[in-house]
Amino acid sequence: MPDQRDCKACRANARDADPYLVWRNDLWVLRHTRPPYAALGWMTLHSQRHAASFTALPAAELADLGPTLARISTAIIAATGALRVYLASMTEMTPHFHAHLVPRYTDGPKGWETFKLKQQAASSTVADADVHAVMEAVRASLG
């Protein structure tokens, strides 16, 4: 496992300029996924502090995680009109805690099929302007 200096997520968290940054505070960084977009409003929440997995998060982050995910999910639903937001965290490809928040739309796939959208992202019709509008709406909701 890489240490904090070698962690791609830690380096990304330290950057001030990120066109896909939606929101951050002392504990978390929220970003919209980059193109090609698998789904409008698909975001990832990363811990500011390096933690290789959910079980490695410090107590402060664990206490704040549930309420933060609820606020973000509510904001994504309001911004996109999604029915709900799916949540998943694997930390396999990037061993730094992050959670995927994936909107589930009326006409979209359900359950695990939603995560296959990532494989189809190259043929996505999601527009940059729509992504940035959703990012702004979520940012405004989160303050």
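Could you say whether any residue in the range 32-45 is surrounded by 14 or more Cβ atoms within 10 Å (Cβ to Cβ), more than 14 Å from the chain's Cα centre (by Cα) and of a type outside the set (Ser, Thr, Tyr)?
No, the range 32-45 contains no residue that is surrounded by 14 or more Cβ atoms within 10 Å (Cβ to Cβ), more than 14 Å from the chain's Cα centre (by Cα) and of a type outside the set (Ser, Thr, Tyr).
Looking at Thr94, Thr114, can you tell me which residue is out of contact with any Leu (no Cβ under 8 Å at 6 or more places or on another chain), in a helix (DSSP H, G or I) and among the β-branched types (Val, Ile, Thr)?
Just one listed residue meets the conditions, Thr114.
Which residue, of Tyr86, Tyr105, Tyr37, is in contact with a Ser or Thr (Cβ under 7 Å, 6 or more places away or on another chain) and farther than 23 Å from Pro19 by Cβ?
Exactly one residue qualifies, and that residue is Tyr86.
Look through the range 1-57, keep the residues that are of a type in the set (S, T, N, Q) and modelled with pLDDT of 90 or more, and return whichever of them is farthest from Pro103 (Cα to Cα).
Thr55
Tell me, which residue of the range 86-114 that is touching a residue at least 24 places away in the same chain (Cβ under 8 Å), closer than 21 Å to Val134 by Cα and under 13 Å from the mean Cα position of the chain (by Cα) is surrounded by the fewest Cβ atoms within 10 Å (Cβ to Cβ)?
Per the criteria, the residue is Ala88.
The values are calculated or read from the model by the stated rules, or taken from the named source; none is laboratory data. Keep in mind the model is a prediction, meaning the values are calculated, not measured. So basically every Cβ, Gly included, is an ideal-geometry build from the backbone, and we count neighbours across all protein chains shown.
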